[in-house]
1. Write down the accessible area per residue of the chain in Å², having rolled a 1.4 Å probe over the full set of protein chains.
2. Identify, among Gly64, Val98, Ser36, the residue whose Cα sits farthest towards the positive end of the charge dipole of the chain, taking +1 on the Cβ of Lys and Arg and -1 on the Cβ of Asp and Glu, with the dipole about the Cα centre.
3. Would you calculate, for the chain, the mean residue ellipticity at 222 nm contributed by helices, counting each DSSP H stretch of 4 or more residues as -39,500 (n - 2.57) and dividing by all residues, to the nearest 500?
4. Share of segment 38-118's accessible area from carbon and sulfur, percent, 1.4 Å?
5. What distance in nm lies between label points placed 7 Å from Cα along the C-beta direction at Glu23 and Arg54?
6. Only residues of segment 111-127 count here: report those whose backbone N is under 19 Å from the spot 7 Å along Cα→Cβ of Ser12, or say none.
7. State, to one decimal in nm, how far the label point of Asp120 lies from the label point of Cys5, with both points 7 Å from Cα in the Cβ direction.
8. Relative to the longest principal axis of the C-alpha atoms of the chain, give the angle of the C-alpha long axis of helix 93-117, reported between 0 and 90° and rounded to the nearest 10°.
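The values are calculated or read from the model by the stated rules, or taken from the named source; none is laboratory data. Here the structure is a predicted model, which is why all the values come from computation and not from measurement. Here the Cβ positions follow ideal geometry from the backbone for every residue, glycine too, while neighbour counts run over all protein chains shown. Surface areas here come from the heavy atoms of the whole protein model, side chains and all, with no ligands, DNA or RNA. Shrake-Rupley method; radii C 1.70, N 1.55, O 1.52, S 1.80 Å.
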Amino acid sequence: MKIACYSAMLRSAARRLTAGYDEMLAPLGINTAQYSLLRTISRNEPVTLTEIGRRLELDRSTVGRNVRVVERLGLVKLGRGEDQREANVTLTEAGHTVLAEAVPLWQTEQAAFETRLGTDTAQALRETLSRI
């Protein structure tokens, strides 16, 4: 009996889903990963790279690279906190503006995806994904 690889199927579905969000956010100059990063920073600022990694389930080096990208876009600022060994990240005014403009776009894409799936299937998907 052949069984499709769950990992491959999930990765493929995630790429297709992400493409819709990326398209929606493109006019703002950010992608889905950057949106998620900005939301995490906004909810916890000032926040360390280590804490961002913990919250997004990413290693610290990946977080550092991703933060530098949005820093070059002028959306975040790196500084030092009480522990001088760890960088703190905060949103800039431009970061707050982009995030405020992105939230309704994200909500629109969320609603469109749920409509495509149907409410019951979307709920079942959320429950299934939370168990993984």
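1. 67
2. Towards the positive end, the residue furthest out is Gly64.
3. Taking each H run of at least 4 residues, the total per residue is -23000 deg cm²/dmol.
4. For segment 38-118, the apolar C and S fraction of the accessible surface comes to 50 percent.
5. A separation of 3.8 nm, rounded to one decimal place.
6. Within reach of a label on Ser12, which here means backbone N under 19 Å from a point 7 Å along Cα→Cβ, segment 111-127 contributes 117.
7. 3.3
8. It works out to around 10 degrees.
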